[in-house]
Structures are given as structure tokens and as C-alpha cells.
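The values are calculated or read from the model by the stated rules, or taken from the named source; none is laboratory data. These numbers come from a predicted model, not from an experiment. Don't worry about glycine lacking a Cβ; one is built from the backbone with ideal geometry, like all the others, and counts go over all protein chains shown. Ligands, DNA and RNA are stripped out before the accessible areas are found, and what is left, the full protein with its side chains, is counted by its heavy atoms. Shrake-Rupley method; radii C 1.70, N 1.55, O 1.52, S 1.80 Å.
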Amino acid sequence: MSDFPRKIIIDTDPGQDDAMAILLALGSPEEIDLLGIVAVAGNVPIERTSENARKICEVAGRPDVLVFAGCDRPMAHTLVTAEHVHGKTGLDGIELPTPTMPLQKQHGVDFIIETLRREAPGTVTLCPMGPLTNIATAFEKAPDIVERVQEIVLMGGAYFEVGNITPAAEFNIYVDPEAADIVFKSGVKLTVMPLDATHKVLVTAPRLQAFKEFGNHLGEVVAGWLDFFERFDIEKYGSKGGPLHDPTVIAYLIKPGLFSGRFINVEIETQSKLTRGMTVADWWGVTDRPKNAMFMGDADADGFFDLLTERVRRLG
Ligand code: BDR
Ligand code: CA
């Protein structure tokens, strides 16, 4: 029996790279059954992320997708945002119309809970691409859903690449380490796309050109987003292009062989002022702490971009 299509919920703070992840999911109906998108506060505040999620669906020609607003702030601290990376709107790079598709009235956390209770146990995968606030809040509010989750495949953390928002921490985990701690300790099957993997998938000039060559509105939008998004990382890392973090989550679900890593213990630092939000990954197996996460370390960049380009082209 085929494992496809996999039922997923995307939990996101769009974000140009989040946008590409949503497009990849929508362009892959044979493998991905997108039950809904839940916005979270992260790159920009919730008003923006929930609007951006709808703009992305409309660009993809999918105003029927259910979009919810989730938590507007981290569990224990004030929100840190990343306009310096994503621009004022969170989705800078090309002007898009205000979306006309509705934002669902139900709170995003309740949608996650209700969906997991409704669907058969072990059939829904959660795909977080922002701070883990919504997922952890749902687990706290409804502990019965934890064992019903098939898998969590998330973008967050780093080991060899260490940090991108502080010297020690990756943005998604840093914004809400208390939430990340709950998720990493939940016992749910966990697959992690850290910076170690996502910094391997760079939007080089020829890869950007492939989107421009669509010759349609979608290609223009994608090129606008990626052009804008990568300037920050190119400047910071001196790399050949910006890393396309969040679509790795969806690419993994479609073609897991594009990524390799180790099943290890990963714990979240919540106490230290200096290293708050660090993913302490026992890559070398130097402790006997229980293994809780498949932590990716490498990616087939050409294979990833071939898949992404092919699937996004379908939407045009
Ligand atoms: C992560 O942080 C956000 O800015 C990106 O959208 C991605 O999810 C990378 O650290
Ligand atoms: Ca994101």
C-alpha cells in the first residue's frame, strides 16, 4: 500500500521560504494532502503571517485552502521578529493584492486539536516551519492528541552551523524555546531539518533563473521573493545564494532520500541567557540521553531544486 498522499498540517510564519514550502505542497497532490495551514507569530506578527499565508494560496490559485491564525506570541517571552531578513511585510519582494479568501474563524490551535481527534490515529503529520508555539500549545491543551500524531517534520535548530539569530541559536527555536522543549520532549516521531541541511540548498543564479523562465505570473512572484530573501544571507555568509530552509520539510515528505542525517538525542536550552534556544544535538553520541530526533545533516541540493522547480511549475 502506498504511503501517499500524506495528510499534513503546515504550521508557518510566512516568510518567502515558507511560501515556497506551501507552493511545493500544493504542487504535489499525489504525495501531499494539505488539511490546512496554521499561521504563527514569528518572522512577522500574526496579522501579517496569517495574511501572507492567504496571499500565497491565492498566488497558487488555491483560495479553497483552509487558513487559520494561531498564537500571536511565544509561550513565555516576548516575540522576536525577523523583518531584517524577510522585509516589513514578511513577504517582501513583489507587491501582492490583499487576499480576498477568508481567514477561518476557528483558532489555529483548536484546528490542530480537532483535526488530530477527527482523523485516524497515526495518519496526520505536522509540518512546523516557524516557532513551535502552536504545536506546543495544542499539546498542552489536549495531551490526548500527542499519541495520535504520525510524525512531526520541522525546520529548526542547528548543530555544526550553530546559530543564525544569535551565535548559538537558530531563529525558529530561539523565538520560542519553551515550546520547542515541549515538542522535543513529547515522544512524537520527530524529523528535524536544521541549518546544517538547509544551508546546503542555496538559491544560486541558475536555480533562480529556472523560476524566472516559467514566463508567467507565478514565476515572477517566486523570483521576486527569492531575489529579496537571499540578499541577507549572501551578505552574511558570502555564499552563492540564500538557503531555502522551509521547503526542505515538504521535500523530505515527498522524497526522503534527498536528505541524510542521524537519529540522535536533541535537547533545547531554555535557561542560559547566552545560549537560549540552542539545539544541543548529541551528533557524536557522547551521552546516553535517549534518542528523540532524526536530525538531518546533508541534502542533495540539485535533487531538491529539481523537485521544487518541477512541482511549483505545475501550479503556474
Ligand atoms: C527559519 O527562520 C525563518 O526566518 C525562516 O522562515 C525559517 O523558517 C530559518 O532560521
Ligand atoms: Ca519560517
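Of the two radii for segment 145-242, the radius of gyration is 1.07 times the Kirkwood radius, both from the alpha carbons; that is the Rg over Rh value.
Note that segment 189-202 has calculated 3J(HN,Hα) couplings of 4, 10, 10, 10, 9, x, 4, 4, 8, 6, 6, 8, 9, 9 Hz, one per residue in order, obtained from phi through the Karplus relation 6.51 cos²θ - 1.76 cosθ + 1.60 (θ = phi - 60°); glycine and proline are x. Length gained on full extension, Lys236 to Phe160, computed as 0.36 nm times the residue gap minus the Cα-Cα distance: 25.7 nm.
Shape class for segment 57-175: oblate, because the ratio a/c of the largest to smallest gyration tensor axis (alpha-carbon atoms, square roots of eigenvalues) is 1.5 or more and b/c is at least a/b.
Return the carbon/sulfur percentage of the accessible area of the chain, one whole number, probe 1.4 Å, all protein chains in place.
Numbers: 6530 of 12560 Å².
Carbon and sulfur together cover 52 percent of it.
Please identify every one of the chymotrypsin sites (Phe, Trp or Tyr not before Pro) in segment 94-202 that sits in a loop by DSSP and has no more than 13 other beta carbons within 10 Å of its own beta carbon. Listed in order of number, the matching sites are Phe160.
Normalised by the number of residues in the chain, what is the relative contact order in percent for Cα pairs under 8 Å and 6+ residues apart?
Values: 737 pairs, mean separation 62.7, N = 316.
In percent, rounded to a whole number, it is 20.
Taking 7 Å steps out from each Cα toward its Cβ at Lys255 and Lys185 produces label points 3.9 nm apart. Sort out for me the Cα centre separation of segment 22-90 from segment 225-259, rounded to whole Å. Value for the Cα centre distance between the two parts: 17 Å. Within the straight-line cut-off of under 16 Å between alpha carbons, the lysines reachable from Lys291 are Lys185, Lys189, sequence neighbours fewer than 8 places apart in one chain being disregarded.
For q values of 0.08 Å⁻¹, compute log₁₀ I(q)/I(0) with the Debye formula on a Cα-only model of the chain, without solvent. One equal scatterer on each Cα of the chain leads to -0.30.
Residues in segment 6-315 average 38 Å² of solvent-accessible surface per residue, probe 1.4 Å, ligands and nucleic acids excluded. Within segment 255-300, the trypsin sites (Lys or Arg not before Pro) that combine a DSSP coil assignment with at most 15 other C-beta atoms in a 10 angstrom radius are Lys273, Lys291. A straight line joining the Cα centroids of segment 114-191 and segment 269-316 runs 12 Å.
With the simple spin-label model, which puts each label point 7 Å out from Cα in the Cβ direction, the Glu47 to Arg289 separation comes to 3.9 nm. In this structure, the amide hydrogen of Lys7, modeled 1.01 Å from its nitrogen in the peptide plane, lies closer than 5 angstrom to those of Asp33, Thr125, counting only residues at least 5 positions away or on a different chain.
Write out the GluC sites (Glu not before Pro) in segment 87-164 meeting two conditions: DSSP loop, and at most 12 other Cβ atoms within 10 Å of their Cβ. Counting only loop positions with at most 12 other Cβ atoms within 10 Å, the GluC sites (Glu not before Pro) in segment 87-164 are Glu95. Given their separation in residues at 0.36 nm each and the Cα-Cα distance between them, Glu310 and Gln106 gain 70.0 nm when the chain is fully extended. Residues whose amide H lies under 5 Å from that of Ala293, counting only those 5 or more places away or on a different chain, are Ile264, Val266; hydrogens are built 1.01 Å from N in the peptide plane. Over all other residues within a Cβ to Cβ distance under 12 Å of Glu147, the charged ones net out to +2, with Lys and Arg as +1 and Asp and Glu as -1. Roughly what would the spin-label model give for Ala76 and Glu220, points 7 Å off Cα along C-beta, in nm? Result for the modelled spin labels: 4.8 nm.
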